[in-house]
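Here's the structure, in structure tokens; my notes come after.
The values are calculated or read from the model by the stated rules, or taken from the named source; none is laboratory data. Treat the numbers as computed from the prediction; the structure is a model and nothing was measured. Cβ placement follows ideal geometry from the backbone for every residue including glycine, while neighbour counts extend to all protein chains displayed.
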Amino acid sequence: MDNFAAIDTSAVVWDMVNFNDNRHNYYQLVRGVNNLFNALQNIQINILLRTELQQEMINTFPYSELPSEFYDVGKTFYSFFDKMGKNLLNYGANDIQNLTSEPKQVKEYFKQNIKKEVGFLLSEMHRSNKTIDYFSFEYLWGNRNLRTKKNGNEKEYRTIICDRNNNLQEYFNGITPTFEHNSKHDKTQYNSKEQWLSLSNDQKRDFVSRLSCYNGRDIIEPQRLLSKRYPKLIDNCYYSYDEINEVYVVFRKTRNNIFHAYDEYDINKIPKAVKKQFNIWKYQWYR
């Protein structure tokens, strides 16, 4: 997925004076952080997070100050950084001097090294040509999108307030590829792999295959395969491997973020990068 995200550091590195005066707000905040981290583990999204800032987050988050019912938050926190490792994008310690942000993201209560790290993050966001979304929470934010500015050059970032209304779910709905069946790939006696095998090479070129993983009732299995796809679009298609039916599945874009799908019986049409990820280089049923 070509989406890029950054997380508000103050959602994890807290102002402990404010925390002690407003604990009930932070208990709500920690639920929101927990929900965000759980949700991010289930999608493929690139997160801008330098190793040094990640370590500061881990070392600073005040587990010991939370009530016992938040015990599982610690497990979610460590699981997030462990599972998202390959999606955490490092960047250099390259600070843009006199770069400002609105609302201000370099908090006064931050330790000096954390202030530097947040400065590096904002600088990376400001100089990047990627589309970057910013995740924050109700207690920490107002109603504006984050903006960075240097010498009149201003950038604005869509800001998702994760615990406000359905903002987080609406965000994921907008970026998560969704399967929608096309009836031309229904299962019939004419579009099976056995039928394809019986054809000449010329006839195979125009063959319209079935989608073997679709049961005709629900989209659970096709959506599962789409979720574990090779992460990059290739000519408006995603690719996955159906281990039950032993065939690669092509998810072709129908519109926006909606994809229909079909079996691909000619394994030579599967891109090399896809075969490398799934480590399936030939079909056992093809002789």
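For (1) assigned to a loop (DSSP other than H, G, I, E, B); (2) free of Cβ contacts under 8 Å to residues at least 24 places away in the same chain; (3) assigned by TED's automatic domain parsing to the domain that holds Arg50, each residue gets a yes or a no:
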residue	(1), (2), (3)
Asn143	yes, yes, yes
Glu156	no, yes, yes
Ile160	no, no, yes
Asp163	yes, no, yes
Inset, instruction - Tell me, please, whether a residue that is at pLDDT below 95 and acidic (Asp, Glu) can be found in region 225-235. - result: yes
Inset, instruction - Sort out which residues of region 165-204 are among the hydrophobic types (A, V, I, L, M, F, W, C) and either surrounded by fewer than 12 Cβ atoms within 10 Å (Cβ to Cβ) or in contact (Cβ under 8 Å) with a residue 24 or more places away in the chain (or both), and write them in order of number. - result: Leu168, Phe172, Ile175, Phe179, Trp196, Leu197
Inset, instruction - Return a yes/no flag: does region 127-134 have any residue that is of a type in the set (Ser, Thr, Tyr), within 23 Å of Asn46 (Cβ to Cβ), within 20 Å of the chain's Cα centre (by Cα) and surrounded by fewer than 19 Cβ atoms within 10 Å (Cβ to Cβ). - result: yes
Inset, instruction - Please note which helices (runs of 4 or more DSSP H) are completely contained in region 168-287 and include at least 3 residues that are more than 30 Å from Phe4 (Cα to Cα). - result: 193-197, 201-205
Inset, instruction - Answer yes or no: is there a residue in region 108-122 that is part of a loop (DSSP other than H, G, I, E, B) and within 23 Å of Ile45 (Cβ to Cβ). - result: no
Inset, instruction - Among the helices (runs of 4 or more DSSP H) lying completely within region 1-80, list those that include at least 2 residues that are touching a strand residue (DSSP E or B) at 6+ places or on another chain (Cβ under 7 Å) and either surrounded by fewer than 14 Cβ atoms within 10 Å (Cβ to Cβ) or assigned by TED's automatic domain parsing to the domain that holds Cys237 (or both). - result: none
Inset, instruction - Of all residues in region 247-266, count the ones that are free of Cβ contacts under 8 Å to residues at least 40 places away in the same chain and loosely packed, with under 15 Cβ neighbours inside 10 Å. - result: 3
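Yes or no, residue by residue, for (1) of a type in the set (A, V, I, L, M); (2) free of Cβ contacts under 8 Å to residues at least 60 places away in the same chain:
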{"residue": "Val73", "(1), (2)": "yes, yes"}
{"residue": "Thr76", "(1), (2)": "no, yes"}
{"residue": "Asp82", "(1), (2)": "no, yes"}
{"residue": "Asn90", "(1), (2)": "no, yes"}
{"residue": "Ala93", "(1), (2)": "yes, yes"}
{"residue": "Gln97", "(1), (2)": "no, yes"}
{"residue": "Val106", "(1), (2)": "yes, yes"}
{"residue": "Tyr109", "(1), (2)": "no, no"}
{"residue": "Gln112", "(1), (2)": "no, yes"}
